[in-house]
Amino acid sequence: MFWTILNIERVKTLFFPSFRTIIILHASLFALIVLVAGSIQLNIQGVQIEKVLQFPHVWNTLAWIASWFNLLLGILAIILVTNEFQFRTFRKQIIDGLTRDQLLIGKSAVFSILAIYTTALVFAAGLIMGIAKSPSYELVNIVDGLNYLPVLFVQSLAYMLMAMLMAFIFRNPAITIVSFILYFFPIEPIVRAFTPDAIDKFFPAKVIANLTPMPDFVGISLGDMMQVIPGSEAEMETIGLIGESMPLLYASIITIVYCILFTLVSRIIITQKNF
């Protein structure tokens, strides 16, 4: 039955023009930024910016770049879900014999595949860029840092499942997209500003974003300088160039919990509302 549900979602998704447009836009923008980053060659007082695209740092760098486009995947998820209400396809599928849980499974499977696509895109780009930029190709350097790929998968899936939840709540595509974007800025940041630090770091948008933090990128870029100047890393943390972030494993576990929570709340909504 699962493959039947997946085939139905395949037909609905692949033949939807907006889906193809957003995926092409997503891949093109990512490739463009990677190519531009690869063409930049700077050496400032011994600091080689190019190091961030060499093994093993390339996986961290490209995962961070790919995370910029997770909002775009969230918007795509909103469009795919709200279209079901606009065109009444959910209602037709229920009449045809599918259960509400199966509808939710189908959408979750689509978003999981999209997260795999994002991970595969970063893997391919990282392999090509790493080979092109790295001075050596030792297996230990190539493999080191690959843990950012499953982390990126979790992050991308979390964005889309959160978007799915909002789509089930609002149903209208325009209202949902605006609400989704506004939640990340400025709604949650404003709420966090009035929240104690001990609680602040557990908010959804912040903990999900912490999976691919920019401080890792800055730290790699300035790695040579930190080796040359003793204590420079601590000083940069003090002035805010390198921020303290939640440990990657800790953030990943909390994000997975959020993914489960988004899905469970979506299930409650989908089982109680009429289509």
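Quick check: anything in the stretch 139-155 among the aliphatic types (A, V, I, L, M), without any contact (Cβ under 8 Å) to a residue 24 or more places away in the chain, under 30 Å from Asn83 (Cβ atoms) and open to solvent by 40 Å² or more (accessible area, probe 1.4 Å)? No. When Phe55 is tested against the conditions (1) under 22 Å from Pro213 (Cα atoms); (2) assigned to a helix (DSSP H, G or I), the lone failure is (2). Using beta carbons and a limit of 8 Å, which pairs, at least six apart or on different chains, have the first residue in the stretch 4-22 and more than 15 Å from Ile78 (Cα to Cα) and the second one open to solvent by 70 Å² or more (accessible area, probe 1.4 Å)? If the second residue must be open to solvent by 70 Å² or more (accessible area, probe 1.4 Å), the pairs left are Ile5/Ile105; Leu14/Arg20.
Taking Ser28 as the residue in question, decide whether it is open to solvent by 30 Å² or more (accessible area, probe 1.4 Å) and either within 17 Å of the chain's Cα centre (by Cα) or modelled with pLDDT of 90 or more (or both). In short, yes. The number of residues in the stretch 74-98 that are among the β-branched types (Val, Ile, Thr) and surrounded by fewer than 14 Cβ atoms within 10 Å (Cβ to Cβ) comes to 1. Of the numbered criteria (1) at pLDDT below 95; (2) crowded, with 17+ Cβ neighbours inside 10 Å, the one Asp200 fails is (2).
So, Ser108, is that one closer than 30 Å to Ser136 by Cβ and among the hydroxyl-bearing types (Ser, Thr, Tyr) or not? Answer is no for this residue. For the stretch 51-104, the set of residues classified as among the basic types (Lys, Arg) and under 25 Å from the mean Cα position of the chain (by Cα) consists of Lys51 only.
Taken across the stretch 125-144, residues that are assigned to a helix (DSSP H, G or I) and touching a Cys at 6+ places or on another chain (Cβ under 9 Å) do not occur at all.
The values are calculated or read from the model by the stated rules, or taken from the named source; none is laboratory data. Since this is a predicted model, take the numbers as computed values, not measurements. In this analysis, Cβ positions are derived from the backbone assuming ideal geometry, glycine residues included, and neighbour counts consider all displayed protein chains. For the accessible areas, the whole protein counts, side chains as well, though only heavy atoms, and no ligand, DNA or RNA atoms are used. Shrake-Rupley method; radii C 1.70, N 1.55, O 1.52, S 1.80 Å.
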